[in-house]
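For reference, the structure discussed in these notes is given below.
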Amino acid sequence: MVSPTLKADLVVTAIQRAAMKKMGRTRPLNSFEPALPTSTRVLGDGVVYVNDLKYGEDYPNSFLDVWYPNEDRSRKLPVLVNFHGGGFFIGDKVSGDPLAGASRESEKAVNAAFLSDGFVVVCPTYAFAPKYRFPVQVVQANQVLGYLASRADELSLDMDRVVIMGGSAGAGLTEILGLIHTDRAYAELLGIVPALDAEQVRGLLIDEAALTTRGVTDRNMRMLFQLWLGEKVPDGSRAGNLINVPQHIRGAYPPAFINTSNLQHWFIDSALDLHAALDRQGLPNELFYRDQTVDQLEHGYLNRHAENATAAECLARMRAFALKVIE
């Protein structure tokens, strides 16, 4: 069923147009054509970059990039799949989340850290709201994993050691993917057949998800929920309940590293809700939350890891967590 047009759709569509004009982008925001022809390049630091592999046919923006630590393909390497943010209405697999307020180079540096730890890093993109709403992006995220599994030999991927990561909207996808792969009943509610076995998803790096809709009075955040879910009143709606992962967890979930900034309550609430649900059921997780007495941490603060001690600590803990779960 096609959801009705909401006021949020009109506001955000105008923002999308302005952003595309500022970037000088002429290609449609939702495009079935790649940004660039697929190619393989060896960069100056020896990293191998494969761009714009097509992972699906059903929806626009079904492309991903693959980054290898070096040219050696003699053995399969563990995989980090990193979903970008952008409120489900903007963002990019190369430049990341424009809402996070950090530079493109900082985003790339986070990926570089995991490359240095021996991961192959995969960066997908996905279709944008309001034309494509929940659960389309979740379906695409699952397609990414299926595509990688189907080409594991060709791409030298150890798909028995997969870590899923995401920031902001990408963190929401990561959190939901974790539940899809450990709870078939929940996956059926979304009409999704999990692409991997639960044991293949070794861990999740959830970097500032916002999936808790309760008590959100901020106009901009309410609009983002409305935009993605297609619900005028997201809290208590069917879609709002489906994305509330903690209330669906029943005894199984991948090990999760949960990070949150501290200036907006919806990021904090989402992180604490998941942490509490996992702790209640004795499921492994690590919460990284520093309140404002420690530091003022804006959304996307992880990308300031080069100059901010708290961000640097978070990234170091995140990397250690990822290495531990693939052992």
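The values are calculated or read from the model by the stated rules, or taken from the named source; none is laboratory data. Being a predicted model, the structure only gives us computed values, none of them experimental. So basically every Cβ, Gly included, is an ideal-geometry build from the backbone, and we count neighbours across all protein chains shown.
Of the residues in the range 303-312, at least one is in contact with an Asp or Glu (Cβ under 7 Å, 6 or more places away or on another chain) and in a helix (DSSP H, G or I).
Scanning the range 208-234 for residues that are among the small types (Gly, Ala, Ser) and over 19 Å from the mean Cα position of the chain (by Cα), which turns out modelled with the lowest pLDDT? That would be 215.
Condition (residue is small (Gly, Ala, Ser), within 30 Å of residue 319 (Cβ to Cβ), part of a loop (DSSP other than H, G, I, E, B) and touching a strand residue (DSSP E or B) at 6+ places or on another chain (Cβ under 8 Å)) applied to the range 56-76: is it met by at least one residue?
Yes, the range 56-76 contains a residue that is small (Gly, Ala, Ser), within 30 Å of residue 319 (Cβ to Cβ), part of a loop (DSSP other than H, G, I, E, B) and touching a strand residue (DSSP E or B) at 6+ places or on another chain (Cβ under 8 Å).
Yes or no: the range 305-312 includes at least one residue that is surrounded by 14 or more Cβ atoms within 10 Å (Cβ to Cβ), free of Cβ contacts under 8 Å to residues at least 60 places away in the same chain, of a type in the set (Ser, Thr, Tyr) and more than 28 Å from residue 182 (Cα to Cα). Yes, the conditions are met somewhere in the range 305-312.
Which of the residues belonging to the range 1-44 are more than 25 Å from residue 239 (Cβ to Cβ), in a loop (DSSP other than H, G, I, E, B) and either touching a Pro at 6+ places or on another chain (Cβ under 8 Å) or not small (Gly, Ala, Ser) (or both)? Within the range 1-44, 25, 26, 27, 28, 31, 32, 33, 34, 36, 37, 38, 43 qualify. Among the residues of the range 111-139, those that are assigned to a helix (DSSP H, G or I) and buried (at least 24 other Cβ atoms within 10 Å of the Cβ) comprise 114, 137.
Within the range 148-161, can you find the residues that are assigned to a helix (DSSP H, G or I) and crowded, with 20+ Cβ neighbours inside 10 Å?
Answer for the range 148-161, where residues must be assigned to a helix (DSSP H, G or I) and crowded, with 20+ Cβ neighbours inside 10 Å: 148, 155.
Would you say residue 82 is closer than 30 Å to residue 324 by Cβ and either assigned to a helix (DSSP H, G or I) or touching a residue at least 40 places away in the same chain (Cβ under 8 Å) (or both)? Yes: the conditions hold for residue 82. Out of all the residues in the range 235-242, is one or more hydroxyl-bearing (Ser, Thr, Tyr) and either at pLDDT below 95 or outside any loop (DSSP other than H, G, I, E, B) (or both)? For the range 235-242, residues hydroxyl-bearing (Ser, Thr, Tyr) and either at pLDDT below 95 or outside any loop (DSSP other than H, G, I, E, B) (or both): absent. Would you check which residues across the range 174-222 are in contact with a helix residue (DSSP H, G or I) (Cβ under 7 Å, 6 or more places away or on another chain), acidic (Asp, Glu) and not in a loop (DSSP other than H, G, I, E, B) and list them? 175, 207, listed by residue number.
For the range 162-170, the criterion of a residue being buried (at least 24 other Cβ atoms within 10 Å of the Cβ), touching a residue at least 24 places away in the same chain (Cβ under 8 Å), touching a strand residue (DSSP E or B) at 6+ places or on another chain (Cβ under 6 Å) and not in a strand (DSSP E or B) is satisfied by at least one position. When the range 21-49 is examined, which residues are found to be within 21 Å of the chain's Cα centre (by Cα) and free of Cβ contacts under 8 Å to residues at least 24 places away in the same chain? 49, the sole residue that qualifies.
Let's see how each residue does on (1) in contact with an Asp or Glu (Cβ under 9 Å, 6 or more places away or on another chain); (2) among the hydrophobic types (A, V, I, L, M, F, W, C):
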position: 165; (1), (2): yes, yes
position: 171; (1), (2): yes, yes
position: 174; (1), (2): yes, no
position: 180; (1), (2): no, yes
position: 183; (1), (2): no, no
position: 187; (1), (2): no, yes
position: 191; (1), (2): no, no
position: 206; (1), (2): yes, yes
position: 209; (1), (2): yes, yes
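Conditions (1) free of Cβ contacts under 8 Å to residues at least 12 places away in the same chain; (2) outside any strand (DSSP E or B); (3) buried (at least 18 other Cβ atoms within 10 Å of the Cβ); (4) touching a His at 6+ places or on another chain (Cβ under 8 Å), marked per residue:
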site	(1), (2), (3), (4)
270	no, yes, yes, no
273	no, yes, yes, no
276	no, yes, no, no
279	yes, yes, no, no
287	no, no, no, yes
292	no, yes, no, no
295	no, yes, no, no
317	no, yes, no, no
